[in-house]
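Written out below as C-alpha cells is the structure these notes cover.
The values are calculated or read from the model by the stated rules, or taken from the named source; none is laboratory data. The model shown is predicted, which means the values in this text are computed figures rather than measured ones. Here the Cβ is made from the backbone with ideal geometry for all residues, glycine too, and neighbour counts use every protein chain on show.
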Amino acid sequence: MLDFERKSVVMVTCPKGFSPYLSEEIGRLGFSVREEYHAGVELKASLNECMRLNLWVRCGHRVMYQLKRFKAETPDQMYDEVKSMEWERIIAPDGYLTVTSSVRTETVNDSRFANVKVKDAVVDRIRDKCGRRPSSGPEMSGIIVFLHWRDDECTIYLDTSGIPLARRGYRKLPHKAPLQETLAATLIRAAKWYGRGNFISPMCGSGTLAIEAALIALNGAPGLMRESYAFMQIPGYNPEYWDNLCIDAEDRERDSIDGKIIATDLDPEAVEAAKKNARAAGVEHHIQFEVCDFRDTEIPKGSGIVIMNPEYGERLGSRTKLEKIYTAIGDFFKNKCQGYRGFVFTGNMELAKFIGLKSSSRTFFYNAKIECRLLEYEIFQGSNKRR
C-alpha cells in the first residue's frame, strides 16, 4: 500500500504548445512548478494532491506520479531496475496491470517491446514474492504504469488519470471534426479570457468552446463529470477523501456568469449537438444558442472576445469556398465586433491571409498532428482598417 501523503515528482502531460498555459493553471491551483517542458509540466505533489489535479486541471492530459528514476542502456538493465521495485505493495496478485510508454533510445526500436519488458519485470516480481502473477492488457481498468525512456534515462510513473483528462464526460454528440476539450480550454486561456465579459462562439460546432468557457466562468471543476480515474485502483486510495474534494469543488461553483456566452452555427444539427453536450455538462441554461450564419451572430454591447474555429481544408470544405469564408470573417470582425478582441484558430495560414486584418499575436498549437495558430485581432471602436 502506498502513502497518499508522500510527495514525489509529478509530471502533468499535455500536447505540444500547451505547457505555458498548463503551467499558469497549475500555479493558480497553488502548486510550485519545478520545470516546464515542451509537452508537460513538472512539480512535486502527493497522491492526494494528484487527485486534486485530476479534478481541476483543464489544459493537461494525464497526471503522472513518479515512482523511480534510473539509468539503463539496454532492455535487460531496465528490466532489472524495474523488477527491484516493491510492486507487491502496489498491485495485488489477482490484480490487473497496463503498461504504456514513450521511448526514444538506440537499443529499443518499438515501444511495445519496452512495454512487455516492464510488464514482465512487474509480474515476475509479484510472482516471486506472492506465488501468483497479476493479469495484464490494454484495458485501463487497473494499475497503469508509464515508462519514459530517453537515451539512458528511465523514469517509471504511476498514471493517476487513466483515460485522458480531455474526456470530461459531457460530449454526447461530437458532430463533425470536434475540438478536443483540453484544446478548447487552452485556447480560452491563451485568449486571456478568465470568465468575465462576453464570450462569442460563432461556428460553434458541437459547442466545446462555449461549454469550456461556461465551466471557466462558473468555476466548475472539469473533472467532476468523470466517474472513474486510475488513482481509484491504487492501494491506499480513500474514497471519502475524494468525495470531500468533489463536495468542496461543488461548493466553489458560481451561480451566474458575468457576461453573455453565445454559440451559433448555420447547421441545425450542430446546434442541437451543442445543446445536448451543454446539458450533459450542466451549463445549457448559461449559453445562448442560435441557428444562424456566423455573420448574423448577436454581438452584445460592451466588450469580450469572439473566437472562431473555421474549417481549414485538412479534413473538411473546399479551397474556394473557404477563401470566401475567411474573407467574410475579416468583414464580420471589422463591421460587427468593434470593441472586442477577435480570435481565429486555424491550421491553414494561407487561408488566414484572406481575413485581411493585421493580427496582433500568433500563438502556436497542435490540433492532433496539424500545426495550428491562434490568431488575435484587436478590433477598435470606429476602426475599419484592413491590411
### Message
Checking A270 against (1) part of a helix (DSSP H, G or I); (2) surrounded by fewer than 20 Cβ atoms within 10 Å (Cβ to Cβ); (3) touching a Gly at 6+ places or on another chain (Cβ under 9 Å), only one condition comes out false. Which one?
### Response
(2)
## Note on the structure
Within region 37-53, restricting to residues that are assigned to a helix (DSSP H, G or I) and either of a type outside the set (K, R) or loosely packed, with under 14 Cβ neighbours inside 10 Å (or both), the one that is nearest to the chain's Cα centre (by Cα) is L53
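Got a sec? Which strands (runs of 3 or more DSSP E) wholly within region 70-186 have at least 3 residues that are among the β-branched types (V, I, T) and in the same structural domain as G40 (by TED's automatic domain parsing)? Spell out the reasoning first.
Details: elements: 96-104, 143-150, 153-159.
Result: 96-104, 143-150.
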### Summary
Scanning region 308-346 residue by residue, the ones that are buried (at least 19 other Cβ atoms within 10 Å of the Cβ), touching a strand residue (DSSP E or B) at 6+ places or on another chain (Cβ under 7 Å) and either of a type in the set (K, R) or within 19 Å of I370 (Cα to Cα) (or both) total 9
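How many residues does region 13-60 hold that are of a type in the set (A, V, I, L, M) and closer than 18 Å to L224 by Cβ? Spell out how you get there, then give the answer.
Taking region 13-60 and keeping what is of a type in the set (A, V, I, L, M), we get 22, 26, 29, 33, 39, 41, 43, 45, 47, 51, 53, 55, 57.
In the following step, the residues that additionally are closer than 18 Å to L224 by Cβ were identified as 29, 51, 53, 55, 57.
Qualifying residue count, region 13-60: 5.
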### Query
Quick one: is G313 part of a loop (DSSP other than H, G, I, E, B) and either in contact with an Asp or Glu (Cβ under 7 Å, 6 or more places away or on another chain) or at pLDDT 95 or above (or both)?
no
### Query
On the given criteria, is G17 at positive phi and in contact (Cβ under 8 Å) with a residue 60 or more places away in the chain?
yes
### Query
When region 185-217 is examined, which residues are found to be over 11 Å from I305 (Cα atoms), among the hydrophobic types (A, V, I, L, M, F, W, C) and over 17 Å from the mean Cα position of the chain (by Cα)?
M203, C204, A217
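Out of region 185-204, which residues are surrounded by fewer than 24 Cβ atoms within 10 Å (Cβ to Cβ) and in contact with a helix residue (DSSP H, G or I) (Cβ under 8 Å, 6 or more places away or on another chain)? I'd like the intermediate steps shown before the answer.
Here is the first cut: in region 185-204, the ones surrounded by fewer than 24 Cβ atoms within 10 Å (Cβ to Cβ) are 189-198, 203.
The answer is R189, A190, W193, Y194, G195, R196, M203.
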### Message
I'd like to know if region 226-237 contains one or more residues that are among the small types (G, A, S), surrounded by 17 or more Cβ atoms within 10 Å (Cβ to Cβ), assigned to a helix (DSSP H, G or I) and out of contact with any strand residue (DSSP E or B) (no Cβ under 8 Å at 6 or more places or on another chain).
### Response
no
#### Entry: Counted residues, region 238-267 - those being at positive phi and surrounded by fewer than 13 Cβ atoms within 10 Å (Cβ to Cβ)
0
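Output the residue which, of all residues in region 12-36 that are of a type in the set (F, W, Y) and over 14 Å from V63 (Cα atoms), is surrounded by the fewest Cβ atoms within 10 Å (Cβ to Cβ). Full working, then the answer.
At the first step, the residues of region 12-36 found to be of a type in the set (F, W, Y) are 18, 21, 31.
Going one step further and asking which of them are over 14 Å from V63 (Cα atoms), we end up with 18, 21.
Details: F18: 28, Y21: 23.
Selected residue: Y21.
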### Task
Give I305, I325 a once-over and let me know the one that is among the β-branched types (V, I, T) and in a helix (DSSP H, G or I).
I325
